[in-house]
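Visitor: Below you'll find the structure I mean.
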Amino acid sequence: MRFEEFHAGQVLTYGPVGISEAEILAFARDWDPQWFHTDAERARGGRWNGLIASGWQTSSRASRRATSR
């Protein structure tokens, strides 16, 4: 979408987007190498009980969805 297409109160609705473990690991190794993104074994014992995608990764996916309409 172009900037001028956005307006106050607008709601954009999209379906779910999957991110595989391989994609999480690859992104994290390059851009956000924190243990809960890169170390599956250690992450299982962590706060989220497993790997989680980087916020940077999920934000980039959301941005891609919003701009590809």
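The values are calculated or read from the model by the stated rules, or taken from the named source; none is laboratory data. All values reported here derive from a predicted model rather than from experimental measurement. As a convention, Cβ positions derive from the backbone with ideal geometry for all residues, glycine included, and neighbour counts pool all protein chains shown. Each accessible area value is taken on the protein alone, full model and side chains, heavy atoms only, with ligands, DNA and RNA left out. Shrake-Rupley method; radii C 1.70, N 1.55, O 1.52, S 1.80 Å.
Visitor: Which one of the conditions (1) open to solvent by less than 80 Å² (accessible area, probe 1.4 Å); (2) under 27 Å from Met1 (Cβ atoms); (3) assigned to a helix (DSSP H, G or I) does Arg64 fail to meet, given that it meets all the rest?
Guide: (1)
Visitor: Right, another one. What are the residue pairs meeting all of these: first residue in region 41-58, first residue at positive phi, second residue open to solvent by less than 50 Å² (accessible area, probe 1.4 Å) and of a type in the set (A, V, I, L, M, F, W, C), Cβ atoms under 6 Å, and 6 or more apart or on different chains?
Guide: Note: pairs meeting the criteria are Gly50/Ala43.
Visitor: Please determine, by comparing only the residues of region 11-53 that are surrounded by 11 or more Cβ atoms within 10 Å (Cβ to Cβ) and within 24 Å of Met1 (Cα to Cα), which one is nearest to the chain's Cα centre (by Cα).
Guide: Out of the qualifying residues, it is Ile19.
Conditions (1) in contact with a Lys or Arg (Cβ under 8 Å, 6 or more places away or on another chain); (2) modelled with pLDDT of 95 or more; (3) of a type in the set (S, T, N, Q), marked per residue:
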| site | (1), (2), (3) |
| --- | --- |
| Pro33 | no, yes, no |
| Gly45 | no, yes, no |
| Gly50 | yes, yes, no |
| Ala53 | no, yes, no |
| Thr58 | no, no, yes |
